[in-house]
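> The following block contains the structure, expressed as structure tokens.
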Amino acid sequence: MDHGETIYLDATLTPNRSLSERGFAIAMAVIAVVFFLTGLLFYSMGAVPILGFFGLDMFAVWLAFRLSFRKLREQTRVVVTARSIRMHHIDPKGREKEAEVPSAFARVELAEPVTHASWLRIEHGRTAFVIGRFLTPEERQSFAGALRKALAAARAERLPA
């Protein structure tokens, strides 16, 4: 990328996060207290094995949250300039992929009506790059509009009327 190059769009797409790390800690503390108090109740009635089962339940809840948080590491960065559209994707396991498409020949495609099965694609010839799989349909539609607008501005710089 040239330092004097105009950037028309520089967006980083990440999955929605419904619970922060602090919120996770608070939720786990509340669950632990409830499980502990319920376990004590069962223990006082003579049901000693219940404590172990509550421990397993606690571990299962913690594991489910951790696996969910792993998916939140995914991100895609899209940069639009007059020369190209650059995409840099990091999957939940940390693997990286990069692609670059000339902006003069790129197309932004999104099937209408937009549903959860409608993928946002940047196409070039017979090649298509799907981006933002984790976005909601409304977010895909909004980002597609912003991407089309940026692409039109980039083409206008490259091919003035």
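> Can you return the lysines within cross-link range of Lys149? Criterion is Cα-Cα under 30 Å, with same-chain partners fewer than 8 residues away left out.
In chain and number order, the partners are Lys71, Lys97.
> Kindly rank 104-114, 136-146 from highest to lowest mean number of other beta carbons found within 10 Å of each residue. Spell out each step's value before the answer.
Numbers: 104-114: 13.9, 136-146: 15.7.
Packing proxy ranking, top to bottom: 136-146, 104-114.
> Say the dipole of the chain comes from +1 at the beta carbon of Lys and Arg and -1 at that of Asp and Glu; which of Gly145, Phe69, Met58 then lies farthest toward its positive end?
In the chain, that residue is Gly145.
> Let me ask something additional. What is the distance, in nm, between label points placed 7 Å from the Cα along the Cα-to-Cβ direction at Arg77 and at Ala25?
My value for the distance between the label points is 2.9 nm.
> Something else: What residue among Thr81, Ala117, Thr127 has its Cα farthest toward the positive end of the dipole of the chain, where the charges are +1 on Lys, Arg and -1 on Asp, Glu, each on the Cβ?
Result: Thr127, furthest along the dipole toward the positive end.
> Right, next: With a cut-off of 19 Å, note down the residues of the range 78-121 whose backbone N falls inside the zone around a label point 7 Å from the Cα of Asp10 toward its beta carbon.
Residues passing the 19 Å test: 78-90, 98-101, 103.
> So what J values fall out for the range 32-48 if you push phi through Karplus, 6.51 cos²θ - 1.76 cosθ + 1.60 with θ = phi - 60°, rounded to Hz, Gly and Pro as x?
Along the range 32-48, the couplings run 4, 5, 4, 5, 5, 5, 5, x, 4, 4, 5, 4, 5, 8, x, 8, 4 Hz.
> Further question on the same structure: With a 10 Å Cβ neighbour count serving as the proxy for reagent exposure, in which order, fewest first, do Lys71, Lys93 appear?
Numbers: Lys71 11, Lys93 8.
If I rank by nearby Cβ atoms, fewest first, I get Lys93, Lys71.
> Normalised radius of gyration for the chain, please: alpha carbon Rg relative to 2.2 N^0.38 Å, two decimal places.
Values: Rg = 23.5 Å, N = 161, 2.2 N^0.38 = 15.2 Å.
Here the Cα radius of gyration is 1.55 times the empirical estimate.
> Sticking with this structure for a sec: Counting only residues 5 or more places away or on other chains, whose amide H sits under 5 Å from the amide H of Ser103 once H atoms are built in the peptide plane?
Ser84, Ile85
> Would you please state which residues of the range 55-86 a label at Ala153 would reach in this model, taking the label point 7 Å out along Cα→Cβ and a backbone N cut-off of under 16 Å?
Zone members listed by number: 78-86.
Coordinate-derived values only; no laboratory data. On a predicted model such as this, the values are computed, not experimentally measured, just so you know. Please note: Cβ atoms are built from the backbone with ideal geometry, for glycine as well, and neighbour counts cover all protein chains shown.
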